1. For residue 103, indicate whether it is modelled with pLDDT under 95 and farther than 18 Å from residue 14 by Cα.
2. Determine, yes or no, whether residue 147 is more than 13 Å from the ligand (Cβ to nearest atom), at pLDDT 90 or above and not aromatic (Phe, Trp, Tyr).
3. Of the residues that make up segment 183-202, is at least one at pLDDT 95 or above and either polar (S, T, N, Q) or in the same structural domain as residue 386 (by TED's automatic domain parsing) (or both)?
4. For segment 300-309, indicate whether the set of residues that are over 26 Å from residue 234 (Cα atoms) and not in a helix (DSSP H, G or I) is non-empty.
5. Of the residues that make up segment 192-205, is at least one of a type in the set (S, T, N, Q), assigned to a helix (DSSP H, G or I) and farther than 13 Å from residue 17 by Cβ?
6. Any residue that is open to solvent by 60 Å² or more (accessible area, probe 1.4 Å), outside the structural domain of residue 385 (by TED's automatic domain parsing), assigned to a helix (DSSP H, G or I) and without any contact (Cβ under 8 Å) to a residue 24 or more places away in the chain - is there at least one of those in segment 329-342?
7. In this structure, does residue 32 turn out to be outside any helix (DSSP H, G or I) and either open to solvent by 40 Å² or more (accessible area, probe 1.4 Å) or at pLDDT below 95 (or both)?
8. Taking the options 268, 295, 289, name whichever one is surrounded by 14 or more Cβ atoms within 10 Å (Cβ to Cβ), small (Gly, Ala, Ser) and on the phi > 0 side of the Ramachandran plot.
Amino acid sequence: MTSEPRILTFGCRLNAFESEVMRNHARAAGLEDVVIVNTCAVTAEAERQARQAIRRARREHPNAPIIVTGCAAQIDPDRYAAMPEVSRVLGNEEKLRAESFLPGANAAVAVDDIMTVRETAPHLVEGFEGRARAFVQIQQGCDHRCTFCIIPYGRGNNRSAPIGTIVDQTRRLVEAGYKEVVLTGVDITGYGADLPGRPRLGQMARRLLAQVPELPRLRLTSVDCVEVADDEDLMDLIAGEERLMPHLHLSLQAGDDMILKRMKRRHGRDDAIEFCRRARELRPGIAFGADLIAGFPTETDEMFRRSLDLIEECDLAWLHVFPYSVREGTPAARMPQTPSAIRKERAAQLRAAGERAAQRFLDKQTGSEARVLVERDNRGYSEHFAPVRLSEPAPEGALVNARIERREGMTLIGETVRRAA
Ligand code: SF4
């Protein structure tokens, strides 16, 4: 018997945000003895892990209702409904409705066509279980159709939250004591395209920071470099707003123009390099993270070489590497596939290069002063999202100044300078 709704969250920060919304709905409905599995469909591996977790949950909670939701359930509800362990399947929109958790709501499968959803309903959460930073959903879905990506089929088209809702949510989290808010969504650079006046990401962020002056730190999740390059408000904030963290995660995916074309990405190799050069000019020392896919269909050794070289040409610090994963229903799944052993080998090469790049970035921090958001015990993250171990423990969620003494492995060692609020 579990006393609290038990929520297993897979995938992205947007799912983490939505799990908090479901936790509130389940609690409000008095649903105690329930397991909710919030799945991800971005790779075949993510789905395998979710199904494994469902089977484990059934073993550990033989009588508890098991509700499966998230992108994998949205895209293929019948597959999850067919699992004997599963009690109900909810779609990505249905999971956010309070009525889906009320005692009378017992339809085995409640999954509507996500492409018909036009709005992002405002959901305000109080906090995030066991997390020092809070995520705020600003946008949902995606209007792009990158050839390898299944996400739009799980999340629908681009829909933005009104700025007022984002301000309210952020203010509520700051009042709850959060020092850092991460703006999240599926394609946050698409923010505002569906709203009156088409406010862009930069304009929204500028208004948010102006309306919540007590928010110490604002961080962005993945951005599309070619779509933010002409967002002058955002480039101005990067240049001059200390509260916007000097860390951008770029959705680059590959370093070869032909592969980027076959992926239906909106940027070329030179756009990525130029964006990093310009952002670094505006904000010296800024850290870039990036997503890179290894072994996309038709990728030759030479093309792959260009992805490897991009790490240094953009001077990336944090790499998220994905061996290409076939997603049925996507155009790339119908292209001539790169053998899986080659995908794995290239991913290993990218990860190794990524580790060297991270070490280069971390070494450059030695002797500098960082402001660290403490997560647990004496560990946390700097403004650049570098992991830091402090010389003395500090309360979770505290902001602490530290002089960076050295790097140990992939962690910076910081001497606590002054305990800030
Ligand atoms: S921008 Fe491309 S990769 Fe990102 S969610 Fe949209 S379709 Fe997927």
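1. Criteria met by residue 103.
2. In short, no.
3. Yes, that holds for at least one residue.
4. Yes, that holds for at least one residue.
5. Within segment 192-205, the subset of a type in the set (S, T, N, Q) is 203.
Okay, now just the ones that are also assigned to a helix (DSSP H, G or I), so 203.
Still in the running and farther than 13 Å from residue 17 by Cβ: 203.
Checking segment 192-205: at least one residue is of a type in the set (S, T, N, Q), assigned to a helix (DSSP H, G or I) and farther than 13 Å from residue 17 by Cβ.
6. Yes, there is a match, as at least one residue in segment 329-342 is open to solvent by 60 Å² or more (accessible area, probe 1.4 Å), outside the structural domain of residue 385 (by TED's automatic domain parsing), assigned to a helix (DSSP H, G or I) and without any contact (Cβ under 8 Å) to a residue 24 or more places away in the chain.
7. Spelling it out, residue 32 is indeed outside any helix (DSSP H, G or I) and either open to solvent by 40 Å² or more (accessible area, probe 1.4 Å) or at pLDDT below 95 (or both).
8. Numbers: 268 fails: on the phi > 0 side of the Ramachandran plot; 289 fails: on the phi > 0 side of the Ramachandran plot.
The unique qualifying residue is 295.
The values are calculated or read from the model by the stated rules, or taken from the named source; none is laboratory data. Note that the structure is predicted; figures quoted are calculated from it, not measured. Cβ sites come from the backbone with ideal geometry, for glycine too, and all protein chains shown count toward neighbours. The area values use the complete protein model at the heavy-atom level, side chains included, leaving out ligands, DNA and RNA. Shrake-Rupley method; radii C 1.70, N 1.55, O 1.52, S 1.80 Å.
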